[in-house]
Amino acid sequence: MKPASCNNNPGQDSPLGKVTEYCSHYAPQLLFPISRQIKRDEIGINGSALPFLGEDLWNAFELSWLNPKGKPVVAVGQFHIPADSPNLIESKSFKLYLNSLNQTVFEDTASVIATLSKDLSEAAGRAIRVTIEPLSSQPTAAIGTPQGILLDDLDIDCTQYQPAPEYLHADPSGAEVEETLYSHLLKSNCLVTGQPDWAMLVIRYRGRPIERAGLLRYIVSFRNHNEFHEQCVERIFTDIQRRCAPAALAVHARYTRRGGLDINPFRTTGEFPAPDNRREIRQ
């Protein structure tokens, strides 16, 4: 499967932002991979020597197929896409692909997992871990907030609504700290349609203290920025790493659901493990 390669608009040939006829029978060709390196070049990330580890965790809430008797099965799914995969998968194409299972017969849940693992791994260019839980198994989910410091009550003036990394500063004379800072004020826009994307951003680091008011202004500065979820998180990670030079860093965003999917990118220098799949209240 050949990824998109347009430099200016990597989603221009995708179904995103277009009137689409929904397909309800298995159609793996609907998946639309986009090269990650297009945007990584823009922020100076060398694809052969990534400055981070991590993954994109997708949660699917509109997942269904038919059993051998033609009876529908409904389920929730999780998809773990490694950050070092060559491609991300455009979200509407992912939704259309999942919808194509609706009238498709599968022998059992294991067959669905095997099919999705194969197709998504081929699109992303790396092995993707897939978990599917039929609702008949009574899966559970947790909603909560990070164990950290909420930035949103800081009384700040905001005037910049495009990414402004110059707001980021660490106190060079401060003693090293390890802390988790988070905000619900991250908003960006879809790279193709311009529709708003909302998220909670979590930053965990060890190093000289990051100036909190500047960090919050920086987060708010994404408000009119057009970029996919995964790309925003990598830009934030890179800006903090370059401007504040922490000894260890992790950046995690939980984006609100659209089309039955939420996307939760996580990037780390390696010292901090991936968080659990605890939903933000808006998810």
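The values are calculated or read from the model by the stated rules, or taken from the named source; none is laboratory data. In this text the structure is predicted, and so the values were computed from the model without any measurement. Heads up, the Cβs are rebuilt from the backbone with ideal geometry, glycines too, and the neighbour counts pull from every protein chain shown.
All conditions but one from (1) farther than 13 Å from Phe52 by Cβ; (2) within 14 Å of the chain's Cα centre (by Cα); (3) of a type in the set (Gly, Ala, Ser) apply to Ala245; the one that does not is (2). Take the residues of segment 248-283 that are under 14 Å from the mean Cα position of the chain (by Cα) and of a type in the set (Phe, Trp, Tyr): which is nearest to Arg36 (Cα to Cα)? In this case the residue turns out to be Phe266.
Can you tell which of Arg208, Arg267, Arg278, Arg254 is surrounded by 23 or more Cβ atoms within 10 Å (Cβ to Cβ), at pLDDT 95 or above and touching a Gly at 6+ places or on another chain (Cβ under 6 Å)?
Working: Arg208 fails: surrounded by 23 or more Cβ atoms within 10 Å (Cβ to Cβ); Arg278 fails: surrounded by 23 or more Cβ atoms within 10 Å (Cβ to Cβ); Arg254 fails: touching a Gly at 6+ places or on another chain (Cβ under 6 Å).
Being surrounded by 23 or more Cβ atoms within 10 Å (Cβ to Cβ), at pLDDT 95 or above and touching a Gly at 6+ places or on another chain (Cβ under 6 Å) holds for just one of Arg208, Arg267, Arg278, Arg254, which is Arg267.
Remark: pairs (first residue in segment 258-283, under 10 Å from Leu53 (Cβ atoms); second residue modelled with pLDDT of 95 or more and of a type in the set (Asp, Glu); Cβ separation under 8 Å; 6+ apart in sequence or on different chains) = Phe266/Glu55; Phe266/Asp56; Arg267/Glu234; Ala274/Glu55. Where strands (runs of 3 or more DSSP E) sit wholly within segment 41-152, those with at least 3 residues that are of a type in the set (Gly, Ala, Ser), surrounded by 15 or more Cβ atoms within 10 Å (Cβ to Cβ) and touching a strand residue (DSSP E or B) at 6+ places or on another chain (Cβ under 6 Å) occupy 53-66.
On the basis of being without any contact (Cβ under 8 Å) to a residue 60 or more places away in the chain, out of contact with any helix residue (DSSP H, G or I) (no Cβ under 9 Å at 6 or more places or on another chain) and not assigned by TED's automatic domain parsing to the domain that holds Lys92, does Thr159 make the cut? Walk me through it before giving the result.
Working: without any contact (Cβ under 8 Å) to a residue 60 or more places away in the chain: yes; out of contact with any helix residue (DSSP H, G or I) (no Cβ under 9 Å at 6 or more places or on another chain): no; not assigned by TED's automatic domain parsing to the domain that holds Lys92: yes.
Here the answer is no, as Thr159 does not meet what is asked.
Residues in segment 153-176 that are within 14 Å of Arg217 (Cα to Cα) and in a loop (DSSP other than H, G, I, E, B): 14 in all.
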